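The values are calculated or read from the model by the stated rules, or taken from the named source; none is laboratory data. On a predicted model such as this, the values are computed, not experimentally measured, just so you know. Every residue, glycine among them, receives a Cβ derived from its backbone with ideal geometry; neighbour counts consider all protein chains shown.
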Amino acid sequence: MKFDEERKKMVEKLVYFGYLKNKAVIEAMEKVPRHLFVPPDLQEEAYDDRPLPIGEGQTISAPHMVAMMCEALELEENNKVLEVGAGSGYHACVIAHVVKKGKVIAIERIKKLAEKAEENIKRAGCERIKIVTGDGTKGYAEEAPYDRILVTAAAPEIPQPLITQLKLGGILLIPVGSRFSQDLFRIRKISEDKITKENLGGVVFVPLIGEYGWKD
């Protein structure tokens, strides 16, 4: 009950400050229990609007960033979504609630985190999410093409496999820049050889490690 109240207040603040506008995203963030996706000793801080460590040098994004990214993706029911950087599984769970009967494939390069994400998702009662362990910079060709792709780590440049695996008319959301500061770009695939890029502003994410990202 206590966590339910805290989650409700968190969402109300995100709406008040303009991070949340889309009804489906608001409902999803009201439903997904963020405290189940953080380490037990941090559950009391789960509904603070800040990133929290989840182990292996990784973090769960601040709620306002999850809200912003979900809104920027322009998610629709029945979308198939690829998430690069599953982390705790929280963001994938929020997306799954928005796309309803759609599907979320979330890639995580760190096996321990991928296994933990699966546990978290099961405990939270989320459905239609597939967790894959691997190099997310290569995407996941087995389930391509995707209506939406989001990357929750910072790339030095846009990985070509992600553009290739995006449907025509699809949206790719990715932080691009240095290891320490980036800009969040919304990419729209206009044709097989044409994309548009929209800069949504400055962000700070952990580095995207992989063949088409930063070297470990």
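Summary table
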quantity	calculated
Gly139 being within 26 Å of Ile190 (Cβ to Cβ), crowded, with 22+ Cβ neighbours inside 10 Å, modelled with pLDDT of 95 or more and not hydroxyl-bearing (Ser, Thr, Tyr)	yes
Tally, over the stretch 25-72, of residues that are closer than 14 Å to Lys9 by Cα and basic (Lys, Arg)	2
Criterion (hydrophobic (A, V, I, L, M, F, W, C) and surrounded by fewer than 24 Cβ atoms within 10 Å (Cβ to Cβ)) met by exactly one of Leu166, Leu150, Leu162, Leu172	Leu166
Those strands (runs of 3 or more DSSP E) lying entirely in the stretch 17-129 with at least 2 residues within 25 Å of Phe185 (Cα to Cα) and free of Cβ contacts under 8 Å to residues at least 60 places away in the same chain	52-55, 103-108
Which numbered condition Ala67 fails, given (1) of a type in the set (Gly, Ala, Ser); (2) buried (at least 19 other Cβ atoms within 10 Å of the Cβ); (3) in contact with an Asp or Glu (Cβ under 7 Å, 6 or more places away or on another chain)	(3)
Boolean, Val206 is surrounded by 15 or more Cβ atoms within 10 Å (Cβ to Cβ), modelled with pLDDT under 95 and closer than 23 Å to Tyr90 by Cβ	yes
